[in-house]
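Below: the structure, in structure tokens.
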Amino acid sequence: MAKTEIPYKIYLEEKEIPKYWYNVRAFMTPHPPFMNPATLKPCTADDLRPVFCDEVIEQELNFTDPYIEIPEEIRNFYKMYRPSPLVRAYCLERALNTPAEIYYKFEGNNTSGSHKLNSAAAQVYYAKKQGLKSLTTETGAGQWGTALAMAAAYFGLDLTVYMVKVSSEQKPYRKEVMRTYGATVVPSPSNTTNAGRKLLEEYPGSGGSLGCAISEAIEKALTSDSCRYVLGSVLDHVLLHQSIIGIEAKTALDKYGITPDVIIGCAGGGSNLGGLISPFMGDKLQGKNDIRFIAVEPASCPSLTRGKYVYDFCDSAKTTPLAKMYTLGCGFMPSANHAGGLRYHGMSPVVSQLYHEKKMEAVTVEQTKVFEAAVMFAKTEGILPAPESSHAIRVAMDEAIKCKQTGEKKKILFGLTGTGYFDLAAYKQYNDGTISDNIPTDADLQKGFATIPDFPINN
Ligand SMILES: *Cc1c(COP(=O)(O)O)cnc(C)c1O
């Protein structure tokens with residue numbers, strides 16, 4: 001098909017919003033089950049019920065149904081900001097002078113500024129349907145908390161967000177967005193929970209951590225029968241909800257007869273990447289395509305590329321079930337000068353399994369290179385990208401530059417997960433020339449590995 005026939009933006013119509021999520025696990029070897037750390041037996045629905053809402057647990061444990069219906073109420077919410085555009089990056093292609101075709105699926109077109117709203121809407125809806133009154137969660141950078149605040153306001157549930165204290169101080173406006181949507185934002189560690197009080201006793205003046213914020217949110221959820229906890233990445237049901245990104249992208253590309261040669265996504269907990277690749281990967285596992293899939297992670301937090309594939313806790317406070325995943329150890333802390341997001345120690349069990357079976361690749365990038373790519377993208381395509389998303393931009397650009405040398409007209413698709421308006425402190429560092437790379441040494445990683453639980457299931 002001639003170049004000019006592909007529009008700059010491929011929009012789908014409202015009626016083309018998918019009616020089903022795509023459950024890629026139906027086509028995979030099942031990944032090892034979550035384990036209850038107390039019994040070291042696979043988690044049952046009953047183990048999970050005090051913490052998560054029922055429908056979400058059912059989805060979490062569903063390894064067999066390839067399609068799971070999106071309820072109409074959730075589709076109505078999606079209509080406010082979906083279908084999201086699939087953009088042919090003509091301007092970036094021209095600037096790179098590459099024969100490659102670059103496409104990106106843009107998920108930043110909502111107030112939360114990221115793809116996280118796709119799962120927030122679903123999780124809040126199911127909580128409402130179950131008759132629950134309130135939800136709790138944690139947030140670090142704030143995208144997840146904002147997305148959940150928006151969804152909670154729409155469906156009429158109360159929300160308490162435990163926000164890592166340093167982040168709430170560094171990003172006061174992010175906090176105000178959440179409060180505007182009606183959420184209660186509690187800087188963590190706080191004196192409202194035992195976990196928070198304990199940490200404050202041990203470390204007065206602590207700036208907090210994601211691990212502590214998770215513990216506080218779970219503790220608060222457990223204090224009331226009508227309250228549950230919600231998580232924004234890593235778990236299989238979150239990845240399932242994010243499959244809407246991949247289905248829409250595939251529908252748009254199919255209209256123009258395009259099959260990507262390579263699909264690239266940034267990987268924090270793995271949900272946007274897993275969601276973007278789901279329908280393409282499902283086809284690949286059935287022998288219908290030979291697409292390359294690439295996970296991009298920061299050199300300072302290399303879970304897939306340098307982590308261990310073992311059972312580990314999902315939080316640093318060691319309160320969650322154990323997941324078999326690529327992990328740097330639940331006590332791993334990325335270097336303080338790491339600005340670019342994606343600082344989670346582990347990785348989605350689905351993505352981990354696919355990587356372990358060599359169905360996909362993973363690479364790391366350094367943050368100076370990430371911000372170079374972000375700035376070039378902003379100048380050419382006009383969108384100020386989130387630092388997280390810019391990891392994928394970097395590798396998409398590198399693939400396109402390789403095509404320049406080989407003359408290949410590769411079709412490259414990447415996920416542009418969000419915008420970077422709340423990350424201007426990191427852009428400032430880049431503009432001031434003070435941003436640097438910090439690649440952990442093997443000895444640094446060893447400290448994290450030492451925090452992986454020494455259970456018999458790991459031997
Ligand atoms: C949270 C976030 C990510 C990473 O999370 P995943 O679960 O790995 O998708 C990436 N980009 C943006 C903009 C985010 O907010």
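Just so you know, all these numbers are worked out from the coordinates, no wet-lab data involved. Because the structure is predicted, anything quoted here is derived from the model rather than measured. Here Cβ is always computed from backbone atoms with ideal geometry, including for glycine, and neighbour counts include all displayed protein chains.
General remarks:
- Kyte-Doolittle mean at least 0.0, axial Cα span of 24 Å or more - DSSP H helices of the chain: 236-255
- Alpha-carbon centroids, segment 349-385 and segment 1-41: separation in whole Å: 18 Å
- Footprinting exposure proxy ranking of ASP158, ASP225, fewest other C-beta atoms within 10 angstrom first, gives ASP225, ASP158.
- Each of ILE10, ILE439 was scored by other Cβ atoms within 10 Å of its Cβ. Arranged with the fewest first, they read ILE439, ILE10.
- Label-point gap, in nm, between LYS428 and TYR256 - each point 7 angstrom along Cα→Cβ: 3.9 nm
- Euclidean distance between Cα centres, segment 207-227 to segment 414-457, Å: 24 Å
- In the chain, helical runs assigned H by DSSP with n ≥ 4 each contribute -39500 (n - 2.57); averaged across all residues and rounded to the nearest 500, the mean residue ellipticity at 222 nm is -12000 deg cm²/dmol.
- Over 21 Å (Cα to Cα) - which of LYS19/LYS79; LYS133/LYS220; LYS165/LYS308; LYS250/LYS284; LYS79/LYS116 fall in this group: LYS165/LYS308
- Straight-line cross-link reach from LYS369 at under 21 Å between alpha-carbon atoms covers these lysines, not counting any fewer than eight positions away in the same chain: LYS379, LYS402, LYS404, LYS428.
- Under the combined filter of DSSP loop state and at most 15 neighbouring Cβ atoms within 10 Å, segment 1-65 retains these trypsin sites (Lys or Arg not before Pro): LYS19.
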